[in-house]
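Have a look at the structure below before the remarks.
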Amino acid sequence: MGVLSILWGCRSPHEILVIRETKPLITEDSVRLGNNCTMDMTLIDSSIILFNHCSNHFFSIFDPSSLKPVCSFGTKGKGPNEFQYPMQDRSLQSINDNTSLLIYDGNLLAKKELEIPALLRDTVVYNFHSENLPKILFANKDVNRLNDTLYAGIPMSKYEGPFAILDIKNDKTVWSESDWGFTMPQRSEMLSYLITYGSLCANTKKQIIVRSYRNIDMIQLFGFDGRLVKNICLSKPECPPFDPQKNCLEPEHNLYHLEMFATPERIYTLHYAHPYNDIKNGTATPTILAFDWDGNLTAAYDCPRPIQQFCVDETNRKIYGISGTSEIEYNRLFRFSY
């Protein structure tokens, strides 16, 4: 494990976390993928599931041992096995043996659940258990079911805060109040949304919500009531440079936490701290940071490849990653060991 130290750098309660030691990831194998539009990935029941938003099928399953494709499913439409904008539930339920893929489709206002073992037994006929979502969950990114009443999500149609806690029983939204360590520019709601864009995941057993930011070098932990529990800063929080004429972020700004992946034991984040163009061109490589659910850094792994998406198998000590961007001809699926 890395040896860590905390230095007081930004104004309280923001602390600067200094990483003293990292470990290298070892590349074991890779395979070329047939598309370059993987938007997300996860690991369920010893299967790698890719979310492909510009292919004929939204989902592809790969075998983690051979990295060979198993099957693809999910076309665009409004039927039981069809989707518009599928996203996985990122919350961790208090069960350890999870074999279901739980999907939220904010465009269709539908929640769909599929048993992965049943799909693998029959790749031709598969049926989702589907139910309608409340209207308050329309067009939300990274939806997390907290309990029977509360959900957390990142609304893509409203920009009042970094994320929302949504009460579906009373049809109301509770916004978390947060301090990023700098003053948000009063330009537009869209600019504030771009600055605070990132990922969201939740642990229902710990009752902790974790928010990471692409454009701010910070991770924040919240309670289910929206109370800020902890800030984790890898450098001093600063507002990314923006073009006041175009009212948008400058293209040369740094990107930080591109993606998150959560397990019952840890939160993993794909941390770059490199200019956007270097990441887009594939000339920068990330460090994968592992935190416990109290926000303590437990390990840091240097990744030898410029991956954009990832998932973690803690049992077998493997990390799977996708390289490539929309500007690159194709992606590769990598398997690393740590």
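Observations, loosely collected:
- Of the residues S100, T263, W293, the one whose Cα sits farthest toward the positive end of the charge dipole of the chain, with +1 on the Cβ of Lys and Arg and -1 on the Cβ of Asp and Glu, is S100.
- Three principal axis extents of segment 131-202 based on alpha-carbon atoms, in descending order, are 39, 20, 20 Å.
- Cα convex hull of segment 202-338, projected area averaged across orientations, nm²: 9.4
- Dipole magnitude of the chain about its Cα centre (Cβ charges: Lys, Arg +1; Asp, Glu -1), debye to nearest 20: 120
- Normalised by residue count, segment 4-337 yields a Cα convex hull volume of 133 Å³ per residue.
- Taking only the C-alpha atoms of segment 42-191, Rg followed by Dmax gives 17.3, 54 Å.
- Note: relative contact order over the chain, using C-alpha pairs below 8 Å and six or more positions apart, is 17 percent.
Readers should treat all values here as calculations from the given coordinates under stated rules, not as data from a laboratory. Keep in mind the model is a prediction, meaning the values are calculated, not measured. Glycine gets a Cβ as well: all are built from the backbone with ideal geometry, and neighbour counts include every protein chain shown.
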